Amino acid sequence: MNTSPKPVDTLLTGGTILTMNARREILTDAAMAVDVGKIVWLGSAESAAQQYQSQERIDLNGRVVIPGLVNVHGHWAMTLMRGLVDDCPLEQWLAKIWRVEAELISPETVVLGSQLAMVEMMRGGTTCAADMYWYYQDVTEAAREAGFRIVTGPSFAEIEGFEDYRNTNQAIAIEYLDAYREVPLVHPCIQAHSAYTTSGPTLEHVAQLVHDNGLMFVTHASESKGELALVQERHGKRPLEVLDGYGLLREQTLLAHCVHLTDDEIARLAETGTSVAHCPSSNLKLSSGIARVAAMVEMGVNVGIGTDGAASNNDLDLFHEAQLAALVQKGITGNPQVLPAEKVFAMLTIDGARAVGLADQVGSLEVGKSADLAVIDFGAANLTPCYDLYSHLVYALSVGDVQDVMVAGRLLMKDRAMLSLDEEAIREEANRIACEVKAL
Ligand SMILES: [Zn+2]
């Protein structure tokens, strides 16, 4: 019998593995074997040493491996407008942002802003994120180069001043979908900005594309009271009624915000399997309101957590977002038992993966899934002592505690050094562009 150790690409060994599998197993003094981008084995560090040998070995030194976080809603390139417009309502905020965007955006600036977003997200343990923005083809290529997992695609909107952007053109949209259908790390979807910026015929066209191609559909919905009034004026209905009318409430649909929902609308989301992207910082900052996430979860709606764009957050720190989500729901319901830490961490990982249609590939650390993960150093003062991992992940961790990040078996951050993106050059260029924005 041949007992020589089996070669694999990478072995992570000697730490705790928080799996987020259905049984929520936490393996101590554990190891993980990664080969050709996937998790091929999980078990004890002792048996790993006997069974596997690897070219690359990550000694966990007691650290904790978690599934990479999934940021279910964002506009990556808006990092370039971080802190540009603060302290005003959504409609006023949008007017200013759209004015700046009309001058600022080009394929080059959008790619740069997206690279900055990827650096920030990876530093915070995020390995997969949804993006809704212009020049999605260029951003897709930038994500591939960086080794970061992206969910994006054509975003339909009819916004005054943006008529020239042809990325809503059907031929281009189909070309993109065809080109990226089988490309690793790229998960094409169809998006509409919102029902208030999209006409009936356009939504009908979008619905057709979504149904014909069996793709994820992403849109903003019921974010503010102002939006409800605009949608009523344009379509004579509430936002969810409009989407339901086009068959767009379904398992592969993700709705950002859902701040203003009736009980019947929440029940309809649960019934249709539609997911929600909860973005508490953005909703609070723009005074849009507070989504009834505890009620949604209670009624069986799948909810992931998103940062939204850095212009309305103003960072892309999902751990902070999770903490805020938990605390605000406890505050508004008067019930400290709603959204316990384990559930909130699931929203950051496996529920988020489900929200973007990738629960079979990422969101938990299980054999057969992609090796998308983050290594957390639990030795810092803010994480000492530790009685419960979920508690620390949601209530006490800071982004500086994230040590390493891997996507599809490739290390993208090692001991907090970025390996696939030139962070210094990106920051320098972003600062240069900011000087141009100031002059606008
Ligand atoms: Zn958004």
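Quick note: the coordinates plus some simple rules give every number you see, no bench work behind them. All values derive from a computational prediction rather than experimental measurement. Neighbour counts are summed over all protein chains in view; Cβ atoms, including those assigned to glycine, are modelled from backbone coordinates with ideal geometry.
Side notes on the structure shown:
- Averaged over residues, the count of other Cβ atoms within 10 Å places the peptides 137-145, 219-227 in the sequence 219-227, 137-145, highest first.
- Among 202-213, 427-438, 254-265, 87-98, sorting by the average number of other beta carbon atoms lying within 10 angstrom of each residue, highest first, gives 254-265, 202-213, 87-98, 427-438.
- Taking every DSSP beta bridge that has both ends in the chain, the antiparallel portion is near 45%.
- Net +/- balance of residues flanking residue 84 in space, Cβ distance below 10 Å, scoring K and R +1, D and E -1: +2
- The three principal axes of the Cα atoms in the stretch 179-280 give end-to-end lengths of 40, 28, 23 Å, sorted in falling order.
- The Cα atoms of the stretch 69-355 give a gyration tensor whose axes a ≥ b ≥ c have a/c under 1.5, which makes the shape rounded.
- For the chain, relative contact order (Cα pairs under 8 Å, six or more residues apart, normalised by length) works out to 21 percent.
- Taken one residue at a time, the phi angles of the stretch 129-141 give Karplus couplings (6.51, -1.76, 1.60, θ = phi - 60°) of 8, 8, 10, 10, 6, 6, 6, 4, 5, 5, 5, 4, 5 Hz. Gly and Pro are set to x.
- Lys, Arg +1 and Asp, Glu -1 on Cβ, resulting dipole of the stretch 69-355 about Cα centre, debye, nearest 20: 580 debye
- Pairs of Lys residues in the chain are counted when their Cα atoms are under 15 angstrom apart and they lie 8 or more places apart or on different chains; the count is 5.
- Here's how it looks for residue 359: its modeled amide H is under 5 Å from those of 354, which are all 5 or more places away or on a different chain.
- R0 of 25 Å, Cβ-Cβ distance residue 431-residue 91: FRET efficiency to nearest 0.05: 0.25
- Under the convention that each Lys and Arg Cβ holds +1 and each Asp and Glu Cβ holds -1, the size of the dipole of the stretch 1-47 around its Cα centre is about 160 debye.
- For residue 409, net neighbour charge (Lys/Arg +1, Asp/Glu -1) across residues whose Cβ lies under 10 Å away: -2
- Note on residue 47/residue 183: beta-carbon distance plugged into 1/(1 + (r/R0)^6) with R0 of 45 Å gives a FRET efficiency of 0.80.
- Length gained on full extension, residue 98 to residue 202: 35.4 nm, using 0.36 nm per residue less the C-alpha separation.
- Crossing angle, helix 90-104 versus the chain [Cα axis fit, 0-90 degrees, rounded to tens]: 80 degrees
- MRE, 222 nm, helices only [DSSP H, n ≥ 4, -39500 (n - 2.57), over the chain, to nearest 500]: -11500 deg cm²/dmol
- Shown in residue order for the stretch 252-265 are the 3J(HN,Hα) couplings computed by the Karplus curve 6.51 cos²θ - 1.76 cosθ + 1.60 at θ = phi - 60°: 9, 10, 10, 10, 7, 5, 6, 6, 10, 10, 7, 4, 5, 5 Hz (x for Gly and Pro).
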